[in-house]
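Working notes, structure below.
The values are calculated or read from the model by the stated rules, or taken from the named source; none is laboratory data. Just so we're clear, the structure is a prediction, and the values are computed from it rather than from any experiment. Here the Cβ is made from the backbone with ideal geometry for all residues, glycine too, and neighbour counts use every protein chain on show. Note: areas computed on protein heavy atoms with side chains; ligands, DNA, RNA excluded. Shrake-Rupley method; radii C 1.70, N 1.55, O 1.52, S 1.80 Å.
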Amino acid sequence: MKFEKMTDQAVAAELGRRLEQLRLEQNLTQQAVADEVGLSRVSYARLEKGSAKLVNFIAVLRVLGQLESLQD
């Protein structure tokens, strides 16, 4: 999927979907990841919907061991 051909909202939604996929692959609940990052579960759920702060997205990638994926 080419991000440059997508709207900003669509890119955010796709990133959220990928974040959810990473979490599920590690068999973690939203609450477990939210607790590790220091967010409420509701705030974490917003990340997976593509409507949250970038700094929180980065923190979750760090918890999931995927921060280096931003370099690709």
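The magnitude of the dipole of the chain, with charges of +1 and -1 set on the Cβ of Lys/Arg and Asp/Glu and taken from the Cα centre, is near 200 debye. A value for Cα Rg over 2.2 N^0.38 Å was derived from the coordinates, and within the list (1) 1.05; (2) 1.16; (3) 1.43 it appears as (1). Apolar share of the accessible surface for the stretch 1-71: 51 percent from carbon plus sulfur atoms, 1.4 Å probe. Once all protein chains are placed together, Glu20 keeps about 70 Å² accessible to a 1.4 angstrom probe. Extension gain, Leu54 to Glu68, is 3.5 nm, computed as 0.36 nm per intervening residue step minus the present C-alpha separation.
Each residue of the stretch 38-54 is assigned a 3J(HN,Hα), and the resulting list reads x, 10, 6, 5, 5, 5, 5, 4, 4, 4, 6, 8, x, 9, 8, 6, 4 Hz, derived from the Karplus form 6.51 cos²θ - 1.76 cosθ + 1.60 (θ = phi - 60°), x at Gly and Pro. The mean accessible area for residues of the chain, using a 1.4 Å probe and ignoring ligands and nucleic acids, is 69 Å² per residue.
Using C-alpha pairs below 8 Å separated by at least 6 residues, the relative contact order for the chain is 32 percent. Each of Thr7 and Thr29 was given a label point 7 Å from its Cα along the Cα-to-Cβ line. The distance between the two points is 3.4 nm.
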